[in-house]
1. If we keep just the residues of the range 64-76 that are touching a strand residue (DSSP E or B) at 6+ places or on another chain (Cβ under 6 Å) and either part of a strand (DSSP E or B) or among the hydrophobic types (A, V, I, L, M, F, W, C) (or both), which is surrounded by the fewest Cβ atoms within 10 Å (Cβ to Cβ)?
2. How many residues are under 15 Å from Pro125 (Cα atoms) and surrounded by 18 or more Cβ atoms within 10 Å (Cβ to Cβ) if we restrict to the range 89-105?
3. Return the only residue of Ala96, Ala112, Ala79 being farther than 25 Å from Ala141 by Cβ and touching a strand residue (DSSP E or B) at 6+ places or on another chain (Cβ under 8 Å).
4. What tally of residues in the range 70-80 results from selecting those that are touching a helix residue (DSSP H, G or I) at 6+ places or on another chain (Cβ under 6 Å) and within 14 Å of Arg124 (Cβ to Cβ)?
5. Just to be sure I understand, how many residues within the range 106-129 are closer than 16 Å to His92 by Cβ, surrounded by fewer than 15 Cβ atoms within 10 Å (Cβ to Cβ) and of a type in the set (A, V, I, L, M, F, W, C)?
6. Does His119 satisfy the condition of being closer than 18 Å to Pro63 by Cα, modelled with pLDDT of 95 or more and touching a His at 6+ places or on another chain (Cβ under 7 Å)?
7. Look through the range 111-130, keep the residues that are without any contact (Cβ under 8 Å) to a residue 24 or more places away in the chain and not small (Gly, Ala, Ser), and return whichever of them is nearest to Thr71 (Cα to Cα).
Amino acid sequence: MDFERRAIDRGHAGPPQRRVRPHDADVRTGVTPFAMRQDRSPRMTVDALPCNANMPTSIRHTPEKSRFEATLDGHAARADYRLTDGVMVLTHTEVAPEIEGRGLGGELIQAALDHAKAHGLKVRPQCSYARHYMDEHPDTAALKA
């Protein structure tokens with residue numbers, strides 16, 4: 001007799017399931033721990049938040065730190081770079097989780113690209129976000145090193 005047949009004979013329909021007790025549910029939402037595990041999306045999608053188009057953002061170039069910086073709703077964002085032989089290497093882009101999805105990362109990269117163009121620099125996007133941004137905006141192809 002195989003394992004499944006013996007399990008059915010003993011009244012088991014399959015592997016044991018964890019029982020969710022009433023106090024396991026989140027009191028505020030009524031969501032059980034299993035449901036919480038299934039919907040673990042701490043970050044919102046790009047479509048979930050309004051576009052930053054109507055919010056003026058001040059992007060600062062800080063050459064002594066080799067970065068472009070911005071602050072939105074009290075949270076910081078930055079795009080780091082290094083200059084090497086006339087090439088701006090975009091090394092890192094970071095946006096605080098509280099302000100992700102509002103287009104601030106793209107604004108930082110665009111500010112860096114505008115700076116590079118104005119100063120006759122080529123750009124090497126080492127950061128994956130910067131590389132993706134440049135791939136999605138064909139008008140930036142002329143800047144690639």
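The values are calculated or read from the model by the stated rules, or taken from the named source; none is laboratory data. As the structure is a computational prediction, the values presented were derived from the model and not from experiment. Here the Cβ is made from the backbone with ideal geometry for all residues, glycine too, and neighbour counts use every protein chain on show.
1. As a first pass, look at the range 64-76 and keep what is touching a strand residue (DSSP E or B) at 6+ places or on another chain (Cβ under 6 Å): 66-70.
Checking the rest, the ones that are also either part of a strand (DSSP E or B) or among the hydrophobic types (A, V, I, L, M, F, W, C) (or both) come to 67-70.
Working: Arg67: 20, Phe68: 25, Glu69: 17, Ala70: 20.
Here the residue is Glu69.
2. Of all residues in the range 89-105, those under 15 Å from Pro125 (Cα atoms) come to 89-94, 105.
Subsequent filtering for residues that are surrounded by 18 or more Cβ atoms within 10 Å (Cβ to Cβ) retains 89-90, 93, 105.
So the count comes out to 4.
3. On the way: Ala112 fails: farther than 25 Å from Ala141 by Cβ; Ala79 fails: farther than 25 Å from Ala141 by Cβ.
The unique qualifying residue is Ala96.
4. 1
5. 0
6. Values: closer than 18 Å to Pro63 by Cα: yes; modelled with pLDDT of 95 or more: yes; touching a His at 6+ places or on another chain (Cβ under 7 Å): no.
Spelling it out, it is not the case that His119 is closer than 18 Å to Pro63 by Cα, modelled with pLDDT of 95 or more and touching a His at 6+ places or on another chain (Cβ under 7 Å).
7. First pass over the range 111-130, keeping only residues without any contact (Cβ under 8 Å) to a residue 24 or more places away in the chain: 114, 118-119, 128.
Checking the rest, the ones that are also not small (Gly, Ala, Ser) come to 114, 119.
Working: Asp114: 19, His119: 25 Å.
Among residues in the range 111-130 that are without any contact (Cβ under 8 Å) to a residue 24 or more places away in the chain and not small (Gly, Ala, Ser), the one nearest to Thr71 (Cα to Cα) is Asp114.
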